[in-house]
Amino acid sequence: MSLLLTGIAELTTNDPARGDGHAAPADRGDALLGIVRDAAVVVAGGEIAWVGPASEAPDADERRDLGGRAVIPGFVDSHTHLVFAGDRSAEFAARMTGTPYDGGGIAVSVAATRAASDGELRALVAGRVAEMRAQGTTTVEIKSGYGLTLDDELRSLRIAREVTPHTTFLGAHVVPREYATDRAAYVDLVTGPMLDAVTADGPTSLATSIDVFCEPRSAHAFDGDESRTVLEAGRAAGLALRVHGNQLGHGPGVRLACELGARSVDHCTYLDDSDVEALAAARGTTVATLLPGVEFSTRSPYPDARRLIDAGVDVALASDCNPGTCYSSSIPFAIALAVREMGMTPAEALHAATAVSARSLGLDRRVAPGQPAELAVLDAPSHLHLAYRAGVPIVRALDL
Ligand code: NIG
Ligand code: FE
């Protein structure tokens, strides 16, 4: 059964070869988007079968007219922590009146997550994934990291795997309280029995990546040497590498991620010149994933996306949806912040939240024949409205 989508005022393909040259002027990222105006798409068997101008569209079994809306690739949210229970809204309120974030609140979520039943966690995750889809996200990465025992980390990954193949083992989120006086023993647990169990049925059976909160400024997170130990063990076990780096201050996370060939280093809030040079040299391998919802929600300075893009760094955007630093699952919100506060053009921000975030998961997110039909539709005629209509629910995943 094939379906012809028409009435697409503007189609973002992320395929520069397709651009029709009439994109809105003055956006230096436009060439990236491969925009086709008055477009049509044929979908068959869950895949894109044809893309082009509506005037050239082939026949199909069914037709759906989208009424002059814009269609974009579904957002790829490449950084989330959706498996958690409990409520930390009071911590957010305290931050708004000046209490700094230091990662200490993670222990509150760990206690609540350990106490929750499988059914409760499953329902919480399903609700959050549905909330994301309603805002245009069609692909999501989910990390563990609120279990921090062998059984609780495995449980988090199993529940995440039920909703996405893109799962990340974050046993090295923080050192749990019961190991506070013996950090080395916890690193041994993460890199030994936990990692063995995560990869027991093959290197990507429960997780495709490993991550570490590399943040020497937090008493709870991991320093450069500990992070290297975790990442090297994960890599030896066949996992791709991701890093939480340079979130709370300058530090070794970004350079370590680039040195070890991580797919992504996330946050990148505090960067010095050597970090930017390392990221530029790692172009094509390591993506800098910016998470502006975190700076919003922790009252921190925003990362300088313009500086990174101008240096030639691959920049992605993601939500970091988590109970502590950003309980927002909204990619449109991240795009609006990136455009308003971080020097990204609307086109660069959309590309970052689709094509580049996809690349950090080893995916291709173009609207092209043979690609999965993961699309989102806007109640608006162009992608510019994503940031222009900030806070208005104009984008949703397209149900086909
Ligand atoms: O990405 N930085 C570490 N982890 C999360 C926050 C986790 C929490 O506070 O619960 C983050 O910001
Ligand atoms: Fe995170």
Quiz prompt | Table column - 3J(HN,Hα) (Hz), segment 230-235, Karplus curve with 6.51, -1.76, 1.60, x for Gly and Pro | solution = 5, 5, 5, 5, x, 5
Quiz item: From the backbone phi of segment 114-127, what are the Karplus-calculated ³J(HN,Hα) couplings (6.51 cos²θ - 1.76 cosθ + 1.60, θ = phi - 60°) in whole Hz, Gly and Pro given as x?
Solution: 4, 7, 7, 7, 4, x, 5, 5, 4, 5, 5, 5, 4, x
Self-check item: Student exercise, the chain dipole from Lys, Arg, Asp, Glu Cβ charges, in Debye to nearest 20
Solution: 440
Self-check item: Separation of alpha-carbon centers, segment 289-310 and segment 187-210, rounded to whole Å
Solution: 31
Self-check item: Beta bridges per DSSP with both ends in segment 24-139, % antiparallel, nearest 5
Solution: 75
Quiz prompt | For segment 75-359, alpha-carbon Rg and Dmax in angstrom | solution = 17.1, 48
Quiz item: Roughly how many Å is it from the Cα centre of segment 380-400 to that of segment 62-112, as a whole number?
Solution: 18
Exercise. Can you tell me the alpha carbon radius of gyration of segment 211-313 divided by the globular rule-of-thumb value 2.2 N^0.38 Å?
Key: 1.00
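Considering the convex hull of the alpha carbon atoms of segment 50-167, report its projected area averaged over all viewing directions, in nm², one decimal. Working shown, then result.
Working: hull surface 44.7 nm².
If you wrap the Cα atoms of segment 50-167 in a convex hull and average its projections, you get 11.2 nm².
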Quiz item: Taking θ as phi - 60°, what are the ³J(HN,Hα) couplings along segment 291-306 by the Karplus curve (6.51, -1.76, 1.60), each to the nearest whole Hz, with x for Gly and Pro?
Solution: 10, x, x, 5, 5, 4, 7, 10, 6, 10, x, 6, x, 8, 5, 4
Self-check item: Net dipole in debye of segment 186-267 [+1 Lys, Arg Cβ; -1 Asp, Glu Cβ; about Cα centre; nearest 20]
Solution: 260
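None of the figures in this text is laboratory data; all of them are computed from the coordinates on show. Not measured: the values here are computed from a predicted model. We place every Cβ from the backbone using ideal geometry, glycine too, and count neighbours over all the protein chains shown.
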